[in-house]
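Beneath this line is the structure, given in structure tokens, with notes to follow.
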Amino acid sequence: MKEITSTEFETEVLAGGKVVLDFYSTECPPCEALAPKFEGLANLYGNDIRFVKMFRQQNKPLAEKLGVKSSPTLVFFDNGVQLEKTMSGGIKRSDIICQLDSMLPADRVAEIKSQIKPAISEYDVVVLGAGPAGLTAGLYLCQAKINTALIDIALPGGQVSTTHEVSNYPGFVNPQPGYMLSHNMSEQTKQCGTIYKVAVDVTKIDLEKKEIVVDEFETIKAKKIIIATGTSPNLMGIPGEREYKGKGISYCATCDAKYYGDKEVVVIGGGNSAVEEADFISKFAGKITIVHQFAAFTANKQAQEKLIVNPKVNTLFEHEPRSFVREGDKIVTEIEDLKTKERRKLVSDGVFVFIGMKPNIEMFKDKLELDKWGYIKTDEDMQTSMKDVYAVGDVISKKYRQITTAVADGTIAAIAIAKELS
Ligand SMILES: Cc1cc2nc3c(=O)[nH]c(=O)nc-3n(C[C@H](O)[C@H](O)[C@H](O)COP(=O)(O)OP(=O)(O)OC[C@H]3O[C@@H](n4cnc5c(N)ncnc54)[C@H](O)[C@@H]3O)c2cc1C
């Protein structure tokens, strides 16, 4: 793999052949996450596709000319022509492979794939999930000199990285942007020496054997596993939702509110997330209609009071959405008045859904004891029903799911494990 500058772009990239160019930056966690994957793939595909890197900050005019706006970004070229597909952010190995394969003949792809050698690594503890709970467990384990790996299907940070502002995490006088809080948590754990395997595909989890396979080829073995996989937003399960998910229907205000400057949006839900996020969305949108199934919000009083005086927000209590349809640029939400059973249509530019969360347990739900809502049961050391398997954070059965309770769980599990292993 070669590092180039813009002056070598013509000769190294445009002169011909197949090329993948990585625009990277320093102090860029997603770039660090990509680097070993890029290098590994360069070794595998290097005879057929040239792998080159360019430092984005020092080659900005070229980056901008190629449409590169963030680091890392992978840009692909075939015979001097830039291909339509680019990749940025938490780039997965499987996605790069998919793109590289599409640039080569099928028989050559099969030949390359046959050269992939399985890899095995061993740790004392593997933490699955790098949100606040997993990062804290990683930090405490690392400080106790326990060899620990942290695995996440996304970049580290968990839900906090998509929360616009956190005002109730102790230690900060002023509210903190969620992405900064999660960035600092992640850097603290990484600097301590915890090994990160992030933005990977988790292919297989064998809790009995304490083995996790990532990206189909790497088996990670441990003496103990901590599950810290958190929760994901509930879907409403009504017509049109899956179809327009990400295309007008969003579950993340931090990610998408900025696209609704002066526009009209519908927010569905009435708990803390819905009420706090509606207030955040109102910084951008011109008008917000909240649709909530109960006669009053269930969010905390402070959040409610802020929303009630917000002139951009109107609430339809005791209403539920029944379907979504796209009409041109607009999303039409059909809603039902739960008292009169009357249905009508709300036309808006976008819809945000905040109707609670479900635990991320798909890959091991049959192996562990769960509560009736599907959350993992643990004892006071955070041990699950299976020996040497712990669970922490939002994924466990408990009453209150907050950053503070997640980091507390991570702390407890790590201290309990450190005592056992010493
Ligand atoms: C919109 C919103 C606003 C919030 N605001 C606040 C607030 O202001 N204050 C507060 O205290 N709390 C807030 N919370 C709650 C807080 O974010 C959570 O309690 C906290 O993030 C839980 O941490 P966690 O580590 O248990 O899980 P998460 O933060 O959910 O992290 C779980 C991690 O596991 C990863 N993962 C999932 N499945 C797998 C898998 N199979 N393999 C590997 N990795 C996996 C995910 O990618 C993720 O990184 C908010 C939540 C939301 C949704």
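Tabulated data for the structure shown
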item	result
Test result for THR411, assigned to a helix (DSSP H, G or I), closer than 24 Å to SER186 by Cβ and within 11 Å of the ligand (Cβ to nearest atom)	no
Selection from the stretch 1-31 of residues that are touching a residue at least 40 places away in the same chain (Cβ under 8 Å) and among the acidic types (Asp, Glu)	GLU3, GLU12, ASP22
Filter result for the condition that a residue is surrounded by 15 or more Cβ atoms within 10 Å (Cβ to Cβ), over 26 Å from the mean Cα position of the chain (by Cα) and among the aliphatic types (A, V, I, L, M), over LEU100, LEU62, LEU41, LEU74	LEU62
Failed item, numbered, when LYS53 is tested on (1) modelled with pLDDT of 95 or more; (2) in a helix (DSSP H, G or I)	(2)
Test: residue in the stretch 203-210 that is assigned by TED's automatic domain parsing to the domain that holds GLY131 and touching a helix residue (DSSP H, G or I) at 6+ places or on another chain (Cβ under 6 Å)	no
Residues of the stretch 113-134 classified as in a helix (DSSP H, G or I) and either within 9 Å of the ligand (Cβ to nearest atom) or surrounded by 20 or more Cβ atoms within 10 Å (Cβ to Cβ) (or both), total	3
Among (1) away from the ligand (no atom under 13 Å from the Cβ); (2) more than 29 Å from THR26 (Cβ to Cβ); (3) in contact with a strand residue (DSSP E or B) (Cβ under 8 Å, 6 or more places away or on another chain) - the single one ILE195 does not satisfy	(2)
Matching residues in the stretch 152-179 - criterion: being within 6 Å of the ligand (Cβ to nearest atom), of a type in the set (Val, Ile, Thr) and in contact with a helix residue (DSSP H, G or I) (Cβ under 9 Å, 6 or more places away or on another chain)	VAL160, THR163, VAL166
Residues of the stretch 60-83 satisfying the condition of being part of a strand (DSSP E or B) and under 27 Å from ILE116 (Cβ atoms)	THR73, LEU74, VAL75, PHE76, PHE77, ASP78, LEU83
Some residue of the stretch 153-167 being assigned to a loop (DSSP other than H, G, I, E, B), over 18 Å from the mean Cα position of the chain (by Cα) and either free of Cβ contacts under 8 Å to residues at least 40 places away in the same chain or surrounded by fewer than 23 Cβ atoms within 10 Å (Cβ to Cβ) (or both)	yes
Positions within the stretch 246-284 being assigned to a loop (DSSP other than H, G, I, E, B) and over 28 Å from ALA295 (Cβ atoms), in sequence order	GLY246, LYS247, GLY248, GLY261, ASP262, LYS263, PHE284
All positions within the stretch 273-290 that are of a type outside the set (Phe, Trp, Tyr) and within 14 Å of CYS255 (Cβ to Cβ)	SER273, GLU277, ILE281
Only listed residue being more than 6 Å from the ligand (Cβ to nearest atom) and out of contact with any helix residue (DSSP H, G or I) (no Cβ under 7 Å at 6 or more places or on another chain), chosen from ALA149, ALA144, ALA137	ALA149
Matching entry among LYS341, LYS345, LYS399 (being more than 16 Å from the ligand (Cβ to nearest atom), part of a loop (DSSP other than H, G, I, E, B) and out of contact with any helix residue (DSSP H, G or I) (no Cβ under 8 Å at 6 or more places or on another chain))	LYS341
For CYS192: the one exception among (1) surrounded by fewer than 21 Cβ atoms within 10 Å (Cβ to Cβ); (2) touching a residue at least 40 places away in the same chain (Cβ under 8 Å); (3) out of contact with any helix residue (DSSP H, G or I) (no Cβ under 7 Å at 6 or more places or on another chain)	(3)
Subset of the stretch 356-395 (residues that are more than 15 Å from the ligand (Cβ to nearest atom) and free of Cβ contacts under 8 Å to residues at least 24 places away in the same chain)	GLU369, LYS372, LYS377, ASP379, SER385, LYS387
Qualifying positions in the stretch 200-216 - within 22 Å of the chain's Cα centre (by Cα) and either assigned to a strand (DSSP E or B) or surrounded by fewer than 21 Cβ atoms within 10 Å (Cβ to Cβ) (or both)	ASP201, VAL202, THR203, LYS204, ILE205, ILE212, VAL213, VAL214, ASP215, GLU216
Residue among THR333, THR315 that is more than 16 Å from the ligand (Cβ to nearest atom), within 28 Å of the chain's Cα centre (by Cα) and in a strand (DSSP E or B)	THR333
Subset of the stretch 217-233 that is within 11 Å of the ligand (Cβ to nearest atom) and part of a loop (DSSP other than H, G, I, E, B) - its residue that is surrounded by the most Cβ atoms within 10 Å (Cβ to Cβ)	ALA228
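Here's the yes/no breakdown for (1) in the same structural domain as HIS164 (by TED's automatic domain parsing); (2) closer than 24 Å to GLN402 by Cβ; (3) among the aliphatic types (A, V, I, L, M); (4) away from the ligand (no atom under 16 Å from the Cβ):
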| position | (1), (2), (3), (4) |
| --- | --- |
| CYS255 | no, yes, no, no |
| GLY269 | no, yes, no, no |
| ILE281 | no, yes, yes, no |
| LYS287 | no, no, no, yes |
| ALA295 | no, no, yes, yes |
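The values are calculated or read from the model by the stated rules, or taken from the named source; none is laboratory data. Not measured: the values here are computed from a predicted model. Here Cβ is always computed from backbone atoms with ideal geometry, including for glycine, and neighbour counts include all displayed protein chains.
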